[in-house]
Amino acid sequence: MQITVYSKPECHLCEEVLALLDRIAPEYDLSVREVNILDDPELEKAYHDRIPVIVAGDGKYGWLFAPIDEAELRGYLGMVERGGAPPRRVVVYQETKLDRVLDYISHHWLRFICIALGIFVGLPWLAPVFAALGWWDLANPIYTAYALTCHQLPERAGFIFGYQVAFCYRNTAIYAGVLIFGILFAVARDRNVSWLRWLRRPLHWYWFVLLLVPMFLDGVTHMFGLRDMLSMDMDTSFGSFYIGSQAFSLNWWLRIITGGLAALGVAWFAFPRMARVVAESEAVQIAYRQSVAASRRMPAAPSQ
């Protein structure tokens with residue numbers, strides 16, 4: 001079985017996959033060919049942030065993208081061994097402007113998410129600045145809009161220049177945390193930074209749930225006053241939410257810690273999986289374009 005590995009020098013993930021292929025090659029009768037993407041500008045543009053890439057034969061059985069573990073690789077090789085019917089006819093499709101726009105978005109999806117998160121988490125902290133400057137036409141719409149996403153209890157939010165931030169500490173920690181971990185994931189994906197390698201491997205669902213548990217326990221126990229050591233009054237405008245910033249209530253800093261843990265879980269669980277889906281989609285597009293180019297150079301197979 002002919003296997004092509006797209007890689008580049010000084011790529012530790014590529015070295016790991018090549019070592020794995022070398023170890024299991026006798027079991028599958030593999031002939032491994034390594035292609036340096038730096039030798040081809042088109043390959044470098046397509047695969048620079050997702051190597052190593054593995055393809056069997058001419059690619060009709062699909063492609064594998066980093067990170068690749070042994071179980072996934074063996075499943076892929078087993079599928080190729082069992083075989084399947086290749087497509088009998090290629091339909092030539094003319095790319096449109098919309099296709100190019102969508103292609104650009106798919107290449108830069110993480111950048112768009114980070115920009116959106118930066119704006120979303122930054123505006124609430126601008127509201128008190130606008131208020132301090134007397135720009136209430138800018139401050140009031142922010143407070144009103146973010147009231148839909150946050151209770152805005154004063155003892156659970158920060159203050160700038162004497163004016164309350166439009167976001168509580170927990171919401172700030174969650175959205176800012178996803179933004180920070182999204183940037184770190186981009187660095188891990190694009191730069192192959194060794195100490196961030198763990199971010200490229202999707203978090204299992206049970207670890208994701210476990211990272212959400214501290215925030216859930218913090219919110220529930222504080223909502224019903226189970227941790228408050230001092231007497232507090234109930235704010236009738238917020239139902240069962242108790243007022244209190246006492247030291248024993250573990251208020252603002254625990255909200256930041258638990259919100260940050262939840263943000264880590266969301267980013268670590270979602271971003272690697274989103275990257276893989278986008279990469280696989282792009283690989284299908286590349287394979288399709290290659291098949292279209294090949295169909296223009298040779299007669300199409302007769303239909304049955």
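The values are calculated or read from the model by the stated rules, or taken from the named source; none is laboratory data. Predicted, not measured: the structure shown is a model, and the values here were computed from it. Methodologically, a virtual Cβ is constructed for each residue, glycine included, from the backbone with ideal geometry; neighbour enumeration extends over all protein chains shown. In case anyone asks, the SASA skips ligands and DNA or RNA and just uses the protein heavy atoms, side chains included. Shrake-Rupley method; radii C 1.70, N 1.55, O 1.52, S 1.80 Å.
The heavy atoms of residue 28 present about 40 square angstrom of accessible area, all protein chains included, probe 1.4 Å. Per-residue accessible area (protein heavy atoms, 1.4 Å probe) orders 204, 12 as 204, 12, starting from the largest.
Using C-alpha pairs under 8 Å with a sequence gap of at least 6, the mean separation divided by the residue count of the range 123-227 gives a relative contact order of 19 percent.
Going by accessible surface with a 1.4 Å probe and the largest first, 266, 277, 35 read 277, 266, 35.
In terms of the Cα gyration tensor, with a ≥ b ≥ c the square roots of its eigenvalues, is the range 104-226 rounded because a/c is under 1.5, prolate because a/b exceeds b/c, or oblate? The shape class here is oblate. Taking a point 7 Å from the Cα of residue 42 along the Cα-to-Cβ direction, the residues of the range 94-121 with backbone N closer than 17 Å to it are 94-95.
Under a 5 Å amide H cut-off, with hydrogens placed 1.01 Å from N, residue 35 pairs with 5, 6, 7 among residues at least 5 apart or on other chains. Surface analysis of the range 142-209 yields an accessible area of 51 Å² per residue, using protein heavy atoms and a 1.4 Å probe. A quarter of the convex hull surface defined by the alpha-carbon atoms of the range 16-80 gives 4.5 nm² as the mean projection. On the range 1-78, 47 percent of the accessible area sits on carbon and sulfur atoms, based on a 1.4 Å probe.
Take residue 15: with every protein chain present and a 1.4 Å probe, its accessible area is about 110 Å². Note on surface exposure: 3, 115 rank 115, 3 by accessible area, highest first, 1.4 Å probe.
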